[in-house]
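Below is one structure, written out as structure tokens; the observations come after it.
The values are calculated or read from the model by the stated rules, or taken from the named source; none is laboratory data. Keep in mind it's a predicted model, so treat the numbers as computed, not measured. No Cβ is skipped: glycine too gets one built from the backbone with ideal geometry, and neighbour counts run over all protein chains shown.
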Amino acid sequence: MRFGKILMIITFCGAIGISALVSVLKPETEFSEKENRYLETMPELDVSDILAGDFQKDYEAYINDQFFLRDTLVDFSVGIQRGLGRRDVNGVYIGKDDYLLERYTDEDFKQELMEDNSYFLSVFLNRMIENYGSGHVVCMMVPGKANVLTEKLPSLAEGYHEDTVVSALRDLLSAPEILLDVTEQLKSHQEEYIYYRTDHHWTGLGAYYGYRAWAEHTGRTARDMEYYQQETVSEDFYGTTYNKVHLDVLPDSVTIYHPSEALDISVNKNDGETISDSLYFPEEIKEESDKYRIFLGGNTAKIDIKTGAGTGRTLLLFKDSFANSFVPFLAADYDRIIMVDLRYYSDSLSGLFLQYPDITDVMVLYNVEKFIEDDAVASVLDAWLEEE
Amino acid sequence: MVFSSLLFLFRFLPLVLLVYFLAPGRVRNFILFIFSLIFYAWGEPYYVVLILLSTVIDYTAGRLVDKFLSQENRKKAKWAVAGSVIMNLGLLGFFKYGDFLINIVNAVTPLDIGLMELALPIGISFYTFQTMSYTIDVYRGEAKVQKNFIAFGAYVAMFPQLIAGPIVRYQTIAEELNARKENLNDFSKGILKFIVGLGKKVLIANQVGMVFSEIAAMQTDYLSTASAWLGVAAFTLQIYFDFSGYSDMAIGLGLMLGFHFPENFNYPYESKSITEFWRRWHISLGTWFREYVYIPLGGNKKGTGRQILNLAVVWLLTGLWHGASWNFVIWGLYYGILLVLEKSLLGKCRIKLPGFVKRLYTLFFVMVGWALFSIPDMADGTGYLKTMFGLSGNGLADRYAGYIVSSNWAVFLIALAGSTSLMAKLCGQKLFPENTARRDVAASVFSLGVLAVSVAFLVNAAYNPFLYFRF
């Protein structure tokens, strides 16, 4: 009996003692491949930080980040939750056919921010409608993966109620018809490879169907798929959704599209920071695990694209990352496309309109969930309204 | 600092145990006191002053009461007790109820006083109640005065029960403070108790808690009656496993260090009446209010009218103790009324109801109570209750409710089973009887397993993939 008690004590004290020692002695890991981020390292001791409680927070983050067997333990936890029949783990639906789909509920969004974003975007769009005419303004809302690939969801699972967001925005517009919701068009192609299995973005093909919907909406003729030459640039892409759960699923392949009649493209990022003659950036994905960066090399504040298409039209595009794979299809329709990502954009928006006086068309393209959780939309547009 | 963190499990606890057991017995109170202050100051570097203040107040009050009593001057002794009570309630009132009172004043008078917006010092509701109990016990002659400031400080700040109880009355551990015998048997029992509590918190409370917080955050138009009940069911399980898990961890840590704290929960959801529920839920709080409020007010000895008044006072205070907002007041009075009704009506009717009907009746009212309790905003809470009873015009059931069940049924079932005494009876008595080698080995394996899984869940919760589309 006495042996039993001692066994218990040795097991427990051994477990916490040895784990503590190993965690302390193990060399620090600086970068986590699986999480794709730099890990917290031992914070410096500083009396004022301790009094403010900052040191304690950093130290806890450090212990959590540097805990030994960290990746294994995460996999273990995900495995147990799966074993207990959970159909979503760490905010990700475990879908059919190797699809992982982000799960959103009201808890993920701030109601107030949601309303502010819709309000400020509508004020902006109404002003653009006034300046350029409703025929020259489009606001395209791209649905989240779980709202389109409904067949891939676990049974009874559903996407976020995006329709309330879209209709709330529509109600605020002076010309409601400029709002283009592409859910139905994408849904009708849901058997095809239109979203990556392991990432939240749409694929080039998904963006192409978005482009078709746009062309139909604006009365243009969309080019057929045959017009483009396809090139597969990666076969081993594991995206952001995968990073949250690390389940054993097929990697994605990334395909880019070249038009048969090549355009004379010049890309200028942030007024000369990067210059390129292509919309695709193969260099960017050699080292990076995020293969979606092939499209325009990822997000940045401003990308000024000249196409030499000779259409006499210049487009101002406010956008999130979903636009990066979409713009290549749009290139032939404009001489110039100025892409602005409000999350990184710190200059004045009024200045932007002065810098590009020949803007003829305005487009806003966002994924619905990214739009409602984005804290830049309301603040940047609010600042612009104050300037005006 | 909380017990269910890697910081506590793999830094603080090993260090405390190491230092504590390497040190000779006479300095162990000192070690406990210092480590407890570090434990507290970790999250609240400035508020640690408050706990020291409360300690000094009651150490002094206790000495004074003792001195006056030995001079047979009960009046002066009473004043010393009053001083302690006023100062402790003053601290509690200022930090916990200040803004609540200001809001009331602003609402009923033309005044417009600015809010203080102070962060609530962790554990203040627990340690002020504990220190008051000491001075009162000394006055009543139920406890001996503590002349050693370190020993008294170790009692007040004792990290195992500092943050979330149980509320340990001074008389309960007075002897152990002065002379305790840590031993292998208690230590190994303590480990098991601690691990059970850790598992309750991390593996059950946190999991069902995610279901509750998701449902509570839903836009009201999208909430169906079925989802609302699922939300309350999740909260019912969450609060039990969270709170009793924390108490178990406290009791377990106490045992490791040689203290015997009272049990705080006794399978409350098995109760067959509301009265019984409150005898089995947060027992140390109920005991405190009975010993230091209800009985001194006269209890049930001064007629029915007075008893109802006394119950009203106790339950108003119980409600307020849980938080400074109106929903807690209503929640407390709700129980006050239910208990009076139970005493007056059910006591008289002699119809024998089957046990499961009584259990369902109790659980129903407890769940409605948790709905009141869990949503501080009165408008939100009213809306939620309306939906629960199908009065909001939202659907009875929807796809969402079905999904929640389909994805969480196993966790719910485990939680449900764990909230009854079935598992304890099966494992503790049938499969692994007390004092058998089989039990000891099973307990070791179980502890290691639960620890490993809990740590995995803690690591996963802190796991935070970098969402690179933002940067």
Quiz item: Do we have any residue at all in region A:125-133 that's more than 23 Å from the chain's Cα centre (by Cα), aliphatic (A, V, I, L, M) and in the same structural domain as A:Phe318 (by TED's automatic domain parsing)?
Solution: yes
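Listed here are the residues, each with its yes/no results for (1) within 30 Å of A:Lys5 (Cα to Cα); (2) assigned to a helix (DSSP H, G or I); (3) away from chain A (no Cβ under 14 Å).
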{"site": "B:Leu333", "(1), (2), (3)": "no, yes, yes"}
{"site": "B:Lys358", "(1), (2), (3)": "no, yes, yes"}
{"site": "B:Met367", "(1), (2), (3)": "no, yes, yes"}
{"site": "B:Phe373", "(1), (2), (3)": "no, yes, yes"}
{"site": "B:Gly402", "(1), (2), (3)": "no, yes, no"}
{"site": "B:Thr420", "(1), (2), (3)": "yes, no, yes"}
{"site": "B:Asn435", "(1), (2), (3)": "yes, no, no"}
Quiz item: Somewhere in region B:157-174, is a residue modelled with pLDDT under 95 and within 14 Å of chain A (Cβ to nearest Cβ)?
Solution: no
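Could you count how many residues in region A:79-92 are closer than 14 Å to B:Ala452 by Cα and more than 7 Å from chain B (Cβ to nearest Cβ)? Break it down into steps so the answer makes sense when it comes.
From region A:79-92, those closer than 14 Å to B:Ala452 by Cα are A:79-80; that's our starting set.
Next cut, more than 7 Å from chain B (Cβ to nearest Cβ) only: A:79.
Residues in region A:79-92 being closer than 14 Å to B:Ala452 by Cα and more than 7 Å from chain B (Cβ to nearest Cβ): 1 in total.
Residue-wise test of (1) over 19 Å from A:Val165 (Cβ atoms); (2) assigned by TED's automatic domain parsing to the domain that holds A:Phe124; (3) assigned to a helix (DSSP H, G or I); (4) hydroxyl-bearing (Ser, Thr, Tyr).
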| position | (1), (2), (3), (4) |
| --- | --- |
| A:Gly351 | yes, yes, yes, no |
| A:Pro357 | yes, yes, no, no |
| A:Val364 | no, yes, no, no |
| A:Ser379 | no, yes, yes, yes |
Exercise. Check whether at least one residue in region A:2-10 is more than 9 Å from chain B (Cβ to nearest Cβ) and surrounded by 13 or more Cβ atoms within 10 Å (Cβ to Cβ), and report yes or no.
Key: no
Practice problem: Considering (1) within 14 Å of another protein chain (Cβ to nearest Cβ); (2) among the small types (Gly, Ala, Ser); (3) touching a helix residue (DSSP H, G or I) at 6+ places or on another chain (Cβ under 9 Å), say which one B:Ser406 fails and leave the rest. | Solution: (3)
Quiz item: Assuming B:Gly90 fulfils every condition listed in (1) more than 22 Å from the chain's Cα centre (by Cα); (2) surrounded by fewer than 13 Cβ atoms within 10 Å (Cβ to Cβ); (3) of a type in the set (Gly, Ala, Ser) apart from one, which condition is it?
Solution: (1)
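So that you can scan it fast, the table gives a plain yes or no per residue for (1) over 18 Å from the mean Cα position of the chain (by Cα); (2) in a loop (DSSP other than H, G, I, E, B); (3) among the β-branched types (Val, Ile, Thr):
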position: A:Asp248; (1), (2), (3): yes, yes, no
position: A:Val254; (1), (2), (3): no, no, yes
position: A:Tyr257; (1), (2), (3): yes, no, no
position: A:Asp271; (1), (2), (3): yes, yes, no
position: A:Ile275; (1), (2), (3): yes, no, yes
position: A:Tyr292; (1), (2), (3): no, no, no
position: A:Asn299; (1), (2), (3): no, yes, no
position: A:Gly308; (1), (2), (3): yes, yes, no
position: A:Leu315; (1), (2), (3): yes, no, no
Self-check item: Qualifying positions in region B:446-463 - more than 7 Å from every other protein chain (Cβ to nearest Cβ) and surrounded by 13 or more Cβ atoms within 10 Å (Cβ to Cβ)
Solution: B:Phe446, B:Val450, B:Ala452, B:Ser454, B:Leu458, B:Ala461
Practice problem: Looking only at region A:62-78, count how many residues are more than 8 Å from chain B (Cβ to nearest Cβ), within 14 Å of B:Arg11 (Cα to Cα) and of a type outside the set (Ser, Thr, Tyr). | Solution: 2
Quiz prompt | Yes/no for A:Thr300 being within 14 Å of another protein chain (Cβ to nearest Cβ) and either modelled with pLDDT under 95 or closer than 20 Å to A:Asn117 by Cα (or both) | solution = yes
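State whether the residues of region A:118-138 include one that is in a strand (DSSP E or B), away from every other protein chain (no Cβ under 12 Å) and either in contact with a helix residue (DSSP H, G or I) (Cβ under 8 Å, 6 or more places away or on another chain) or β-branched (Val, Ile, Thr) (or both). Write out each step before concluding.
Of region A:118-138, the ones in a strand (DSSP E or B) are A:137-138.
Add one more test, that the residue is away from every other protein chain (no Cβ under 12 Å), and what stays is A:137-138.
Applying the additional criterion that residues be either in contact with a helix residue (DSSP H, G or I) (Cβ under 8 Å, 6 or more places away or on another chain) or β-branched (Val, Ile, Thr) (or both) yields A:137-138.
Yes, there is a match, as at least one residue in region A:118-138 is in a strand (DSSP E or B), away from every other protein chain (no Cβ under 12 Å) and either in contact with a helix residue (DSSP H, G or I) (Cβ under 8 Å, 6 or more places away or on another chain) or β-branched (Val, Ile, Thr) (or both).
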Quiz item: In region A:196-224, what count of residues is obtained for those that are under 26 Å from A:Lys96 (Cβ atoms) and of a type in the set (A, V, I, L, M)?
Solution: 3
Quiz item: Would you call B:Gly390 in the same structural domain as B:Thr275 (by TED's automatic domain parsing), surrounded by fewer than 19 Cβ atoms within 10 Å (Cβ to Cβ) and not in a helix (DSSP H, G or I)?
Solution: yes
Quiz item: Restricting attention to region A:21-52, which residues are within 11 Å of chain B (Cβ to nearest Cβ), closer than 16 Å to B:Arg11 by Cα and either loosely packed, with under 15 Cβ neighbours inside 10 Å or of a type in the set (Val, Ile, Thr) (or both)?
Solution: A:Leu21, A:Val22, A:Val24
Exercise. List the helices (runs of 4 or more DSSP H) that sit entirely inside region B:130-239 and contain at least 3 residues that are surrounded by fewer than 22 Cβ atoms within 10 Å (Cβ to Cβ).
Key: B:149-157, B:170-178, B:184-199, B:206-216
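In region A:101-118, how many are closer than 16 Å to A:Glu373 by Cα and crowded, with 17+ Cβ neighbours inside 10 Å? Full working, then the answer.
Of the residues in region A:101-118, the ones closer than 16 Å to A:Glu373 by Cα are A:102-118.
So of that shortlist, the ones also crowded, with 17+ Cβ neighbours inside 10 Å come out as A:102-106, A:109, A:114, A:116-118.
So the answer is 10.
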Quiz prompt | Residue match in region B:186-203 (condition: more than 25 Å from B:Leu17 (Cβ to Cβ), touching a Leu at 6+ places or on another chain (Cβ under 8 Å) and outside the structural domain of B:Leu162 (by TED's automatic domain parsing)) | solution = no
Quiz prompt | Pairs where the first residue, in region A:20-43, is closer than 23 Å to A:His246 by Cβ and the second is hydroxyl-bearing (Ser, Thr, Tyr) and exposed (fewer than 13 other Cβ atoms within 10 Å of the Cβ), C-beta under 6 Å, 6+ apart | solution = A:Phe31/A:Tyr38
